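K.L.:
Here's a structure for you.
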Amino acid sequence: MAAFSGLDNNPAFTEDDPAVVLDGDAVVLGVFNYEGATLALKAAGGAAADHVFDGIGTLSLSDGQVLLTETQAGEAISIPVGSFTQIDGELVITFNAEATEARVNSVLQQLTYANSSQRPPSSVTISYTFDDGQAPASDSVIISITAVNDQPALDFVTAEVGYEPGAPALALSPSIAASDLDSETLGGAEVRIAAGFVVGDVLSADTAGTSIVAIFDSSTHVLTLSGVDTLANYSRVLASVSFSSTNPDPTDGGAEPARTIEWQVGDGS
């Protein structure tokens, strides 16, 4: 009767880092027949394409084939020891006539795991099942996962707009959009007149219908948006950010013919 031995590793994976070896010294014992036997690895929690299995070292999973690189007569060759499928977080390897105890265990010891999600769970359990047609062997490993906070981003920022002195407030970037791979909310934003400020310049925003508070500080030339709210609401408020000037000569006699505007968003971290 088949049984796993040494399948007791607790690997740790960090978001966006290379895949980790699941267990480098595990073996399967008591196998009745390797040809036609299957090794199945399945991530707990239901189907999810974020769970990615692969091989390292001499093991390669490529084009549906399980390949082991071996040196024979001084030459490195790839030995196909089986076929595989990988669908929605489940890897199933079916071994062929080239599969021996040593080769099967080499495959088992060189399997890797990665999670492609930008919002991965804190841990995932991988169940193992080896079935040689007799009583299947079952075991599992638990992978701890460290998530990495992704920076929010701003897209579709207008490069240049023109303001006529004395005109109503001008929306600076009506198509701007905020995004964040691992959060549905933002914690704040700043829009700054970074260069060219003259007395009378004002930045304003329409926050109606949101929990966002907008305050412009003329001494620092910064419009601060604060309060946790959705990406959609922050995008809408940022798109409403407008420039105006009460200065009768906003170019300061031609010395400041333009303003440089800087945008910054934060997710709280």
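K.L.:
How many residues does segment 200-230 contain that are under 26 Å from ASP182 (Cα atoms) and touching a Pro at 6+ places or on another chain (Cβ under 8 Å)?
P.N.:
Of the residues in that region, 0 qualify.
K.L.:
Right, next: If you take the residues in segment 127-144 that are polar (S, T, N, Q) and at pLDDT 95 or above, which one is nearest to SER179 (Cα to Cα)?
P.N.:
So the residue we want is SER144.
K.L.:
Suppose the filter is of a type outside the set (S, T, N, Q), within 30 Å of ARG119 (Cα to Cα) and surrounded by 17 or more Cβ atoms within 10 Å (Cβ to Cβ); does LEU223 pass it?
P.N.:
no
K.L.:
Quick one: in segment 1-37, which of the residues that are farther than 21 Å from THR100 by Cα and of a type in the set (Val, Ile, Thr) is surrounded by the most Cβ atoms within 10 Å (Cβ to Cβ)?
P.N.:
Ranking the qualifying residues of segment 1-37, first place goes to VAL20.
K.L.:
Sort out for me the strands (runs of 3 or more DSSP E) sitting completely within segment 170-269 that have 1 or more residues that are under 30 Å from THR146 (Cα atoms).
P.N.:
Ranges flagged: 177-179, 185-195, 222-230, 260-266.
K.L.:
Please pick out the residue among ASP201, ASP229, ASP252 that is modelled with pLDDT under 95, of a type outside the set (Ser, Thr, Tyr) and either within 30 Å of SER117 (Cβ to Cβ) or out of contact with any Gly (no Cβ under 8 Å at 6 or more places or on another chain) (or both).
P.N.:
Selected residue: ASP252, the only one of ASP201, ASP229, ASP252 that is modelled with pLDDT under 95, of a type outside the set (Ser, Thr, Tyr) and either within 30 Å of SER117 (Cβ to Cβ) or out of contact with any Gly (no Cβ under 8 Å at 6 or more places or on another chain) (or both).
K.L.:
Suppose the filter is more than 30 Å from GLY188 (Cα to Cα), small (Gly, Ala, Ser) and in contact with a His (Cβ under 9 Å, 6 or more places away or on another chain); does ALA137 pass it?
P.N.:
So ALA137 fails the test.
K.L.:
Residues of segment 143-159 being surrounded by 13 or more Cβ atoms within 10 Å (Cβ to Cβ) and more than 18 Å from the chain's Cα centre (by Cα), which ones?
P.N.:
VAL157, THR158
K.L.:
Please verify whether segment 114-126 includes one or more residues that are in contact with a Leu (Cβ under 7 Å, 6 or more places away or on another chain), surrounded by fewer than 18 Cβ atoms within 10 Å (Cβ to Cβ) and either more than 22 Å from SER179 (Cβ to Cβ) or assigned by TED's automatic domain parsing to the domain that holds ASP23 (or both).
P.N.:
Yes, segment 114-126 has at least one match.
K.L.:
Could you check, for segment 88-100, whether at least one of its residues is at pLDDT below 95, under 20 Å from the mean Cα position of the chain (by Cα), surrounded by fewer than 16 Cβ atoms within 10 Å (Cβ to Cβ) and of a type in the set (Asp, Glu)?
P.N.:
Yes - at least one qualifying residue is present in segment 88-100.
K.L.:
While we're on this one: Find the residue count for segment 230-269, including only residues that are in contact (Cβ under 8 Å) with a residue 40 or more places away in the chain, over 23 Å from THR185 (Cα atoms) and aliphatic (A, V, I, L, M).
P.N.:
The qualifying residues number 2.
Residue by residue, here is whether (1) without any contact (Cβ under 8 Å) to a residue 60 or more places away in the chain; (2) under 30 Å from ASP249 (Cβ atoms); (3) outside any strand (DSSP E or B); (4) not hydrophobic (A, V, I, L, M, F, W, C) holds:
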position: PRO120; (1), (2), (3), (4): no, no, yes, yes
position: GLN151; (1), (2), (3), (4): no, no, yes, yes
position: LEU154; (1), (2), (3), (4): no, no, no, no
position: PRO165; (1), (2), (3), (4): no, yes, yes, yes
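K.L.:
Let me ask something else about it. For segment 171-220, give me each residue that is within 23 Å of PRO248 (Cα to Cα) and either exposed (fewer than 15 other Cβ atoms within 10 Å of the Cβ) or of a type in the set (S, T, N, Q) (or both).
P.N.:
If the condition is that a residue be within 23 Å of PRO248 (Cα to Cα) and either exposed (fewer than 15 other Cβ atoms within 10 Å of the Cβ) or of a type in the set (S, T, N, Q) (or both), then ALA194, ALA195, VAL199, GLY200, SER204, ASP217, SER218, SER219, THR220 are the ones that fit.
The values are calculated or read from the model by the stated rules, or taken from the named source; none is laboratory data. If you're wondering where the values come from, they're calculated on a predicted model, not measured in any experiment. In this analysis, Cβ positions are derived from the backbone assuming ideal geometry, glycine residues included, and neighbour counts consider all displayed protein chains.
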